[in-house]
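Chemist: Structure incoming, see below.
The values are calculated or read from the model by the stated rules, or taken from the named source; none is laboratory data. Predicted, not measured: the structure shown is a model, and the values here were computed from it. Here the Cβ is made from the backbone with ideal geometry for all residues, glycine too, and neighbour counts use every protein chain on show. SASA here: full protein model, heavy atoms, side chains in, ligands and nucleic acids out. Shrake-Rupley method; radii C 1.70, N 1.55, O 1.52, S 1.80 Å.
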Amino acid sequence: MDNAIEARGLVKTYRGDVRALDGVSLAAETGSVFGLLGPNGAGKSTAVKILTTLSRPDAGEAFVAGHDVLRHPARVRLAIGCVAQKSGLDLQATGRENLLLQGRVYGMRGGVLRSRAQELIERFGLSDAADRVVKGYSGGMQRKLDVAVGLMHRPQVLFLDEPTTGLDPEARVDMWSEIARLAGDEGLTILMTTHYLEEADSLARRLAIVDRGKVVAEGTPDELKGELRGDAIVVELEEQVLDGEVRRALDTVPELYDVAVEARTLRARADSGARSVPAVLAALEAEGVRVASVTVSRPSLDDVYLQYAGRAFSEADQEAKRP
Amino acid sequence: MTHVLTDTLFMTQRHFRNLLRQPAWILISLVQPVVWLLLYGALFRKIVEIPGFGAGSYIDFLTPGIVVMTCLFSAGWSGMDLIEDIDRGVIDRFLVSPASRSSLIAGRLVQGAIVGIIQSVIIVVLGLIVGAEYPGGVAGIAALTICAVLLGTGVGALSNAIGVLSRRVETMVAVSNFVLLPLTFLSSVFMARALMPGWMQSVATYNPVEWAVNAGREGLASSPDWGVVLSRMGWLALFTLVCTWLATRAFRVYQKSI
């Protein structure tokens, strides 16, 4: 079996005609980390809910660890571990009690159950807190315990839905190294959703970019970045200008592509940023457009996102938060 | 099937343990029946002197009422805990595991039943201390407890159904406040049925709270009519079954909404 997770044409519409997924297909190779990247509300969590048997799609099919999610949900459940966006821990119970109950519902008993719980407590550095009630844990500790609970029954496939959202920077870095360590585990496949570009870039072997319920791009982070030609040039203008006006002015600059103006920000791509910047500045000056600052950067996933979703990532994220 | 039972046992343990970790709750649930028993017992003491009341001592009359009322009220709020579990993602965590779906509700009901039995015994003992007499003896006390717990299980299931459908604490509070006290007053918990207005007597006929109080009091009488006790118990069992079925339907609605 090459792909531990395979989904084809997933569609999910919620009441009130909210189309959360609009034909999502993806495939995650066994033993790898697959990243599902997108802004808030893109449909990542809905995809995870379907793949983990929590909800049923309106159309499409999915296989996890070789089992059909729709026909054999019980088999899928035995094979997967799931760390949802909402923690799902029992706050009144201790860390150890949470692990033991989780193991029990998977049929683990006695010595095997106890030693597995102890092993995970040590592995995630929770020894001091293990017998304290979870209510008193820090956010980072709760998230670690979440992952430990998801791993209790040694799943083949682990789902991590926004594992670092809401964590402070230190805990986030901690969680990253934890995930990188898990990725090294023999045969464990991880599907991780995130809306942090750098997180997907550094942890995922392959990733799919999701926007408005659709996969807009898929590949390794390098492939996705490689599809973009050259460097990104971002010019901050002193005043708002007309899109067409600037475009016309820059038409004459060689090796410059994908020019876009949004408010006072001008974005473009160039085969070589260093070579094109002087020409860009000259062309703008000739047009009487005053420039506040210029930055040149190697392509990032942010640019990839802009390329495929047609808007900047941060903008899409903000849009989702608006009521 | 065994897996449903073991999972229910694990979930019951979880709910029971969490309850024991809330000392304030334990204190309140112990103090409340004491207050009711002593307060109402003193307030309505002379009520038995009304011709036609049909009981010698008000505390004898009141104690089974308080047992039923206590079980009713604890059960009425049991949906709150489910709402919290849904909000926290605990339910979803178990839904993506092989845990039996029934155990997610059944564990709560079993825990409620155990708490109900403990509360009933405590109130019966308290009643003894303040002078109540139970001519029906142990069999009568058992009948009262069974009826109170059956009622509690049914109402607890309904409360969980409302919780899982509304998923809002505010709705839960409103519904419980609106329903629990009127149900109590539309039964003979405090007042002999013969002295209630005619329309109230008619309503009480269909009130499960009345079935439980009626059966409990009959069981504790010096020569109980077991026909009355068993028929009421049968009705209560049916009520509990219907409510439990409604709760599982409500839970499916929730599962579909995810």
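Chemist: Take residue A:279 and tell me if it is closer than 25 Å to residue A:197 by Cβ, surrounded by 15 or more Cβ atoms within 10 Å (Cβ to Cβ) and aliphatic (A, V, I, L, M). Quick ask: steps written out before the conclusion?
Modeler: Numbers: closer than 25 Å to residue A:197 by Cβ: no; surrounded by 15 or more Cβ atoms within 10 Å (Cβ to Cβ): yes; aliphatic (A, V, I, L, M): yes.
Answer is no for this residue.
Chemist: Condition first: among the aliphatic types (A, V, I, L, M) and touching a Ser or Thr at 6+ places or on another chain (Cβ under 8 Å). Now tell me which residues in the stretch A:181-202 satisfy that.
Modeler: Across the stretch A:181-202, the qualifying residues are A:183, A:190, A:197, A:200.
Chemist: Right, another one. Go through the stretch A:61-83 and report how many residues are of a type in the set (Gly, Ala, Ser), surrounded by fewer than 23 Cβ atoms within 10 Å (Cβ to Cβ) and either closer than 20 Å to residue B:100 by Cα or facing another protein chain (nearest Cβ under 7 Å) (or both). Steps first, answer last, please.
Modeler: Step one: of the stretch A:61-83, the residues of a type in the set (Gly, Ala, Ser) are A:62, A:65-66, A:74, A:79, A:81.
Pick out the ones that are also surrounded by fewer than 23 Cβ atoms within 10 Å (Cβ to Cβ) and you get A:65-66, A:74, A:79.
Next cut, either closer than 20 Å to residue B:100 by Cα or facing another protein chain (nearest Cβ under 7 Å) (or both) only: A:74, A:79.
Adding up the residues that qualify gives 2.
Chemist: Now, a different point. Restricting to the stretch B:14-24, count the residues that are within 11 Å of another protein chain (Cβ to nearest Cβ) and either in contact with a Ser or Thr (Cβ under 7 Å, 6 or more places away or on another chain) or over 14 Å from residue B:118 (Cα atoms) (or both).
Modeler: Qualifying residue count, the stretch B:14-24: 6.
Chemist: Also: From B:106, B:99, grab the single residue that is away from every other protein chain (no Cβ under 13 Å), touching a residue at least 60 places away in the same chain (Cβ under 8 Å) and either more than 25 Å from residue B:34 (Cα to Cα) or among the basic types (Lys, Arg) (or both). Spell out how you get there, then give the answer.
Modeler: Values: B:99 fails: away from every other protein chain (no Cβ under 13 Å).
Going through B:106, B:99 in turn, just one is away from every other protein chain (no Cβ under 13 Å), touching a residue at least 60 places away in the same chain (Cβ under 8 Å) and either more than 25 Å from residue B:34 (Cα to Cα) or among the basic types (Lys, Arg) (or both): B:106.
Chemist: Please go through the stretch A:199-214 and pick out each residue that is crowded, with 21+ Cβ neighbours inside 10 Å and within 12 Å of the chain's Cα centre (by Cα).
Modeler: Initial filter on the stretch A:199-214 (crowded, with 21+ Cβ neighbours inside 10 Å): A:199-200, A:203-204, A:207-211, A:213.
A:199, A:200, A:203, A:204, A:207, A:208, A:209, A:210, A:211, listed by residue number.
Chemist: Another one. Just to be sure before I move on: is residue A:31 more than 28 Å from residue A:311 (Cα to Cα), in contact (Cβ under 8 Å) with a residue 24 or more places away in the chain and either open to solvent by less than 10 Å² (accessible area, probe 1.4 Å) or in a loop (DSSP other than H, G, I, E, B) (or both) in the structure I sent? Let's see the steps before the verdict.
Modeler: Numbers: more than 28 Å from residue A:311 (Cα to Cα): yes; in contact (Cβ under 8 Å) with a residue 24 or more places away in the chain: yes; either open to solvent by less than 10 Å² (accessible area, probe 1.4 Å) or in a loop (DSSP other than H, G, I, E, B) (or both): yes.
Taking the combined requirement at face value, the residue satisfies it.
Chemist: Out of all the residues in the stretch A:242-258, is one or more open to solvent by less than 20 Å² (accessible area, probe 1.4 Å), part of a loop (DSSP other than H, G, I, E, B) and either in contact with a strand residue (DSSP E or B) (Cβ under 7 Å, 6 or more places away or on another chain) or among the hydrophobic types (A, V, I, L, M, F, W, C) (or both)?
Modeler: Step one: of the stretch A:242-258, the residues open to solvent by less than 20 Å² (accessible area, probe 1.4 Å) are A:246, A:249-250, A:253.
Next cut, part of a loop (DSSP other than H, G, I, E, B) only: A:253.
Next, from what is left, pick out any that are either in contact with a strand residue (DSSP E or B) (Cβ under 7 Å, 6 or more places away or on another chain) or among the hydrophobic types (A, V, I, L, M, F, W, C) (or both): A:253.
Checked the stretch A:242-258: at least one residue is open to solvent by less than 20 Å² (accessible area, probe 1.4 Å), part of a loop (DSSP other than H, G, I, E, B) and either in contact with a strand residue (DSSP E or B) (Cβ under 7 Å, 6 or more places away or on another chain) or among the hydrophobic types (A, V, I, L, M, F, W, C) (or both).
Chemist: Looking for something part of a helix (DSSP H, G or I), open to solvent by less than 20 Å² (accessible area, probe 1.4 Å) and within 30 Å of residue A:157 (Cα to Cα) - is there at least one such residue anywhere in the stretch B:114-124?
Modeler: no
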